[in-house]
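A quick write-up on the structure given underneath.
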Amino acid sequence: MNSIIMVSVVLFIILFLLLVGLPVKALRSISRFVLRGVICVMIVFILNYAFASNNFHIPINAVTCGFLSLLGVPGVVALSVIGIYLV
């Protein structure tokens, strides 16, 4: 039941923003930010799965997702180096 409410709220917000008229440039930059974050989280998930036998793990949480959304693939490399050498 809660997931239905959450999905309907997100759809309502998207519909509202489309009707009010969010500037195209702002919408484009937001979508790039989200897309970059999703791709990088998928890369981290694949790295976690591939190197699980070597006890290599990068947690996927809100902070990691925000960091990866800002930095992109270099952020994945940075987190991997931090995970290997500092932990």
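The values are calculated or read from the model by the stated rules, or taken from the named source; none is laboratory data. Source: prediction; values computed, not measured. Methodologically, a virtual Cβ is constructed for each residue, glycine included, from the backbone with ideal geometry; neighbour enumeration extends over all protein chains shown.
Residues of segment 48-61 that are under 12 Å from residue 84 (Cα atoms) and of a type in the set (A, V, I, L, M, F, W, C): 51, 56, 58.
On the stretch given as segment 61-85, residues that are in a loop (DSSP other than H, G, I, E, B) and either touching a residue at least 60 places away in the same chain (Cβ under 8 Å) or surrounded by 13 or more Cβ atoms within 10 Å (Cβ to Cβ) (or both) total 1.
Considering only segment 19-48, how many residues are closer than 14 Å to residue 76 by Cβ and exposed (fewer than 14 other Cβ atoms within 10 Å of the Cβ)? Show your work before the answer.
Narrowing segment 19-48 to residues closer than 14 Å to residue 76 by Cβ: 36-48.
Right, trim to exposed (fewer than 14 other Cβ atoms within 10 Å of the Cβ) and you get 38, 42, 45-46.
Residues meeting the conditions: 4.
Could you check, for segment 30-42, whether at least one of its residues is part of a helix (DSSP H, G or I) and more than 27 Å from residue 14 (Cα to Cα)? Looking for residues that are part of a helix (DSSP H, G or I) and more than 27 Å from residue 14 (Cα to Cα), one finds none in segment 30-42, hence no.
Restricting segment 1-54 to residues that are of a type in the set (S, T, N, Q) and under 21 Å from residue 70 (Cβ atoms), which is modelled with the highest pLDDT?
So in segment 1-54, the residues of a type in the set (S, T, N, Q) come out as 2-3, 8, 29, 31, 48, 53-54.
Okay, now just the ones that are also under 21 Å from residue 70 (Cβ atoms), so 29, 31, 48.
Details: 29: 76, 31: 78, 48: 88.
Looking at residues that are of a type in the set (S, T, N, Q) and under 21 Å from residue 70 (Cβ atoms), I get 48.
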